[in-house]
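Notes to accompany the following structure.
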Amino acid sequence: MMKITFLGGGNMANALIGGLRKQGYSATGIQVIEPLQENREKLTAAFGVRCSTTIDAAALDCDALILAVKPQQTREALAPLTGAFAGSLKTQLVISIAAGLRLSDISRWLGGYRQLVRCMPNTPALIGAGITGLYADSAVGLKGRDTAEKILRAVGGTLWIDDEAQMDTITAISGSGPAYVFYFIEALQHAAQNLGIDAPAARQLAIETFTGAARLAEQSEEDVAVLRQRVTSKGGTTAAALASFDADNIAAAILRGVQAAAERSRTLGEEMGKN
Ligand SMILES: NC(=O)c1ccc[n+]([C@@H]2O[C@H](COP(=O)([O-])OP(=O)(O)OC[C@H]3O[C@@H](n4cnc5c(N)ncnc54)[C@H](OP(=O)(O)O)[C@@H]3O)[C@@H](O)[C@H]2O)c1
């Protein structure tokens with residue numbers, strides 16, 4: 001059985017452990033390193049997993065070590081691995097879910113260790129509906145990639161990239177993307193209210209339209225553009241709205257927004273890797 005240790009027992013660790021347990025993964029194979037007693041008690045009560053306050057020998061007896069602390073906390077959280085526990089990383093796959101942190105920086109903080117995978121999940125992972133982009137150091141073999149994929153699949157879909165720079169794009173599309181979707185739902189909801197529909201009905205109409213259309217696109221073999229054209233009869237109501245969106249250059253505005261997010265991701269990665 002694969003043994004997994006989480007460094008950090010926050011939101012993402014909880015989502016991953018919940019997903020793994022739901023898939024029948026045994027609690028005896030999972031450990032969590034978490035400084036807050038309250039979080040440790042919650043994790044043990046909810047999932048029956050072993051928790052420790054800091055990195056110890058038992059926690060390092062694992063196949064995969066998942067870095068699930070905030071990006072700004074990662075370097076400090078890894079310090080014991082070049083201090084008291086130097087030399088303890090031998091074959092363990094280290095999987096980082098810290099947004100923006102580059103593998104070259106994590107490797108440097110770990111004294112040159114290269115069994116490293118970096119991934120970018122998104123918040124729908126909290127309900128098992130995430131999509132995660134993954135990137136592996138060239139030193140990681142097929143078995144390591146398979147291990148990382150198995151773990152992340154517990155909370156949704158996965159997608160490998162072979163150029164780490166694309167992680168900034170993944171961050172800008174699927175990492176930040178749930179917020180863009182909420183932004184659109186909010187705008188549709190406000191439009192409904194503006195045209196006289198009450199708030200609860202506006203919410204229901206906006207959300208169910210979004211989930212229904214997304215599910216239809218997911219289940220269809222057709223391109224999304226074809227699905228859009230099918231709802232858009234010439235001279236009809238949808239055509240009137242889409243012509244107005246085009247006049248306002250909405251698609252170009254979305255592209256610029258995504259570019260701004262990718263640029264921000266690059267800058268943050270550089271800043272966090274400086275020290
Ligand atoms: N949430 C998301 O949607 C999302 C999406 C993609 C990627 N990520 C990435 O996932 C990572 C975790 O995010 P999260 O939302 O799960 O954060 P979180 O809820 O803040 O979890 C981090 C946990 O790690 C603990 N911690 C801090 N220092 C530690 C140390 N030295 N040793 C062990 N544990 C330590 C924190 O404890 P304290 O509370 O005491 O500090 C906290 O419980 C982040 O790097 C984030 O970029 C998150």
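At-a-glance table
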| quantity | calculated |
| --- | --- |
| Restricting the range 21-31 to residues that are in a helix (DSSP H, G or I) and either open to solvent by 50 Å² or more (accessible area, probe 1.4 Å) or modelled with pLDDT under 95 (or both), the residue that is farthest from the ligand (Cβ to nearest atom) | Thr28 |
| Single condition Arg230 does not satisfy, out of (1) open to solvent by 60 Å² or more (accessible area, probe 1.4 Å); (2) closer than 30 Å to Ser104 by Cβ | (2) |
| Near pairs, Cβ below 8 angstrom, 6+ apart or cross-chain, from the range 177-188 (in contact (Cβ under 8 Å) with a residue 24 or more places away in the chain) to any residue that is in a helix (DSSP H, G or I) and aliphatic (A, V, I, L, M) | Tyr180/Ile254; Ile185/Ala206; Ile185/Ile207 |
| Candidate set from the range 69-93 (those that are in contact with a Leu (Cβ under 7 Å, 6 or more places away or on another chain) and within 14 Å of Ala59 (Cα to Cα)); member that is most open to solvent (accessible area, probe 1.4 Å) | Phe85 |
| Residue ID - most open to solvent (accessible area, probe 1.4 Å), chosen from residues in the range 1-16 that are hydrophobic (A, V, I, L, M, F, W, C) and within 11 Å of the ligand (Cβ to nearest atom) | Met12 |
| Inter-residue pairs, beta-carbon under 6 Å, first small (Gly, Ala, Ser) and in the range 240-262, second in a helix (DSSP H, G or I), 6+ apart | Ala261/Ala172; Ala262/Asp168; Ala262/Thr169; Ala262/Ala172 |
| The range 202-215 residues that are among the charged types (D, E, K, R), paired with ones that are open to solvent by 60 Å² or more (accessible area, probe 1.4 Å) (beta carbon under 8 Å, 6 or more apart) | none |
| In the range 120-140, the residues that are open to solvent by less than 40 Å² (accessible area, probe 1.4 Å), more than 11 Å from the ligand (Cβ to nearest atom) and not in a strand (DSSP E or B) | Asp137, Val140 |
| Helices (runs of 4 or more DSSP H) lying entirely in the range 32-104 (those with 3 or more residues that are away from the ligand (no atom under 13 Å from the Cβ) and without any contact (Cβ under 8 Å) to a residue 40 or more places away in the chain) | 37-47 |
| Qualifying position, being surrounded by 21 or more Cβ atoms within 10 Å (Cβ to Cβ) and of a type in the set (Ser, Thr, Tyr), among Ser104, Ser96 | Ser96 |
| Filter result for Gly128 (in contact (Cβ under 8 Å) with a residue 24 or more places away in the chain, under 18 Å from Gly175 (Cβ atoms) and not aliphatic (A, V, I, L, M)) | yes |
| Enumeration of residues in the range 140-165 that are farther than 13 Å from Ile66 by Cβ, in contact with a Leu (Cβ under 8 Å, 6 or more places away or on another chain) and of a type in the set (A, V, I, L, M, F, W, C) | Val140, Leu159, Trp160, Ile161 |
| Counted residues, the range 242-258 - those being open to solvent by 100 Å² or more (accessible area, probe 1.4 Å) and part of a loop (DSSP other than H, G, I, E, B) | 1 |
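The values are calculated or read from the model by the stated rules, or taken from the named source; none is laboratory data. Everything numeric here is computed off the predicted structure, so don't read it as measured data. All Cβ positions, glycine included, derive from the backbone under ideal geometry; neighbour counts span all protein chains shown. Ligands, DNA and RNA are stripped out before the accessible areas are found, and what is left, the full protein with its side chains, is counted by its heavy atoms. Shrake-Rupley method; radii C 1.70, N 1.55, O 1.52, S 1.80 Å.
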